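One structure is given here, and the rest of the page talks about it.
The values are calculated or read from the model by the stated rules, or taken from the named source; none is laboratory data. Computed from a predicted structure; not experimentally measured. Ligands, DNA and RNA are stripped out before the accessible areas are found, and what is left, the full protein with its side chains, is counted by its heavy atoms. Shrake-Rupley method; radii C 1.70, N 1.55, O 1.52, S 1.80 Å.
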Amino acid sequence: MGLLKTIFFIIFFVYAFKFLARLFAPFLIKKATETIKKKAEQQFRGQQGQQQGSSVKEGETIIDKKPAGEQESKKSVGDYVDFEEID
């Protein structure tokens, strides 16, 4: 009798979860898309503000250089070995 009761509860919870998921999924998806849309708009406004606030004229080219203080290490990772195929 205990086994049948357990199987019944498992089946009941699976169907209840499916029902609730169908009921609330559209609301949750709509809320998630609104949140993503707001974040994208904020990022876009931030980029527009940076472009308008800069003193660069349209058509002007700016080259950013790497700071001189940082040097890449000159250590070699390994030796290159040239080989020939032997027939």
Report task. Would you kindly state how much longer the chain becomes between residue 62 and residue 23 on full extension, computed as 0.36 nm times their sequence separation minus their alpha carbon distance, in nm to one decimal? Result -> 8.6 nm
**Report entry** Accessible-area value, residue 37, 1.4 Å probe, nucleic acids and ligands omitted, Å²
**Finding:** 130 Å²
